[in-house]
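Read through the structure below, which is laid out as structure tokens, and then see the notes.
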Amino acid sequence: MPRLIALVACLAAGFALFYVSARTPPPLAAGAPAGVFSAGRAMADITVMASAAHPIGSAAHARVRDYLIGRMTALGLAPQIQRDQSLRARAFKGETWASGADIENVIGVLPGRDPALPALTLMAHYDSVPGSPGAADDTAGVAAILEIVRAIKAAGVPARDVMAVITDGEEAGLLGAQAFFADHPLAAHAGFVLNLEARGGGGRAAMFETGVNNGGAIDLFGATAARPSSTSLSVFVYKLLPNDTDFTVAKARGLAGLNYAFIGRQFDYHSPSSTVATLDRGSVQHLGDEVLGTAKALAFSTALPARSPDRVYADLLGAMVVAYPPWVGWPILILAAALVALGAWRARREGAFSWLDTLNGFGAALLLTLGAALALHLTRHATGTGFGFTEQRPLLARFALFEAAMALSGLGAVLLVAAFLGGAKARLAGTWTGLLLSALAVALALQIGAPTIAFVVAWPLLAAGALSALSAAGSSARRAGLGFGLVLTAFTLAWLGNFFHTLLQGLDVPEAPALALWLAAMVLWPLAWPAPRAGARRF
């Protein structure tokens, strides 16, 4: 029973930590101090611009353009309109797709002390898709830029120019960004780009894409972003996806930068329901807070971040960013291996370890991963909704309920495998060690082949290795370090909860979050293992 109580306590504490870290901050009112970002002030702009759908070429689109001219003039940006004919072609699934239109970019400059320095470029698009007011995509990004520029101006004269590039025709194929970077004289003045986007109506804003050789940019992001949300896994995965934003054009021209978006409440994405009323003001606040700190640091510095090899990095529940060069992954794996070995050695001294049981651990890793994937697959199909953005909209409308069902079914599969092996008289110490060794093998392969994402396995493995060393691979009955072990378990579960949430929310591939459940099993295993009771039936 104590083990069951500890299991429930860790799951509850892990969920609570995850929930707190995943919540958006309370929006600041319009009367907030001048030096901070205020969602209340940004919402005033969003309310005007997102009063109706404003696709490229429409009368409502011209109204938003004129409103931007007025707002940027009031901010002292001396705005100008870039009128151009833009054409863009790209390959997709073996076919070439082309789009073109007459675009009207709105560009303004907040002058800095040294106009010779490369400019900080803040970029978002003001067109919406037909039929959607686009309160989030991307009116929220445009309004956030206006508020960020106001806050920078309130802090004094920046060291470098700050350019606000509000592009047109992004929804029609990145046409405005294409025209700006190809034809506008100010494009050569851009030194570092911060692009603001949205793929939903809520959730915390994540920095999900960087320029190449992002080492210096990530160091700056980690030091300046408020409540940061980003990992090198998202940067790695985004490179593999066919998605693009205006930042795609800037990145193709070799510019350094960071790309931000919030992707919660996807039911409202490109939808008539993307209105001021449904937009999460906390998401606007988080987007602004996260970008403003980095934008200020860039605007008031005479040096831009140096280009250096890509960093391995991730935020710790929004509290801070841990970042390091890829080679540091090797000492982490060595330490994790040493801790796993120490736990096995201590268990062997107590006569509770058998190398044969480690084979059960390798089998458990495969069985629980496949079992969790199957459980998630069946749960997704049991909803009766099809796959694809349009088909899955009923799920997006009740995503929290769907996510809870998926998490519980996947967790049930993990607990079932542990109960099955425990009931089959396998011993905990060897089985847990085998499970951790399987993770060590995967982490080693990732460290060799894709070092910027090896942390996804290495960090939970390090935590599980510490728990194993502390408890003699689960065989020690002593309570020394119990509190630390429970806290570490809960924190690891919360961190993996964000991993699970991101995979489920960002990809309609229901089996993918099984990876997070496999990693969670590494710290849950000794608590999920049935207590030894002679003659008891195992469930």
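The values are calculated or read from the model by the stated rules, or taken from the named source; none is laboratory data. Values in this document were obtained by computation on a predicted structure and should not be read as measured data. Cβ coordinates were reconstructed from backbone atoms using ideal geometry, including for glycine residues, and neighbour counts include every protein chain displayed. Protein only, heavy atoms only, side chains kept; ligands, DNA and RNA dropped before computing areas. Shrake-Rupley method; radii C 1.70, N 1.55, O 1.52, S 1.80 Å.
Assorted remarks:
- Options Ala419, Ala413, Ala429, Ala458: the member that is farther than 18 Å from Asn360 by Cα, open to solvent by less than 40 Å² (accessible area, probe 1.4 Å), part of a helix (DSSP H, G or I) and of a type in the set (A, V, I, L, M): Ala458
- Answer from Gly257, Gly215 - the residue that is farther than 24 Å from Val149 by Cα and small (Gly, Ala, Ser): Gly215
- When the range 48-67 is filtered for residues that are hydrophobic (A, V, I, L, M, F, W, C) and out of contact with any Pro (no Cβ under 7 Å at 6 or more places or on another chain), the ones remaining, listed by number, are Val48, Met49, Ile56, Ala59, Ala60, Ala62, Val64.
- The range 317-351 - residue that is under 30 Å from Ser229 (Cβ atoms) and of a type in the set (Gly, Ala, Ser) and, of those, surrounded by the most Cβ atoms within 10 Å (Cβ to Cβ): Ala336
- Being out of contact with any helix residue (DSSP H, G or I) (no Cβ under 8 Å at 6 or more places or on another chain), within 23 Å of Pro33 (Cβ to Cβ) and touching a residue at least 60 places away in the same chain (Cβ under 8 Å) holds for only one residue in Ala144, Ala154, Ala140, Ala74, and it is Ala154.
- Which listed residue is open to solvent by less than 10 Å² (accessible area, probe 1.4 Å) and not in a helix (DSSP H, G or I), from Ala205, Ala250: Ala205
- Pairs where the first residue, in the range 505-524, is outside any helix (DSSP H, G or I) and the second is open to solvent by less than 40 Å² (accessible area, probe 1.4 Å) and of a type in the set (A, V, I, L, M), C-beta under 6 Å, 6+ apart: Pro510/Leu376; Glu511/Ala373; Glu511/Leu376; Ala512/Leu503; Pro513/Leu503; Pro513/Leu504
- Selected residue (criterion: farthest from the chain's Cα centre (by Cα)) from residues of the range 16-43 that are assigned to a helix (DSSP H, G or I) and surrounded by fewer than 16 Cβ atoms within 10 Å (Cβ to Cβ): Ala16
- In the range 1-30, the residues that are more than 30 Å from Met43 (Cα to Cα) reach residues that are open to solvent by less than 90 Å² (accessible area, probe 1.4 Å) and of a type in the set (Ser, Thr, Tyr) with C-beta atoms within less than 6 angstrom, at least six apart or across chains, in these pairs: Cys10/Thr489.
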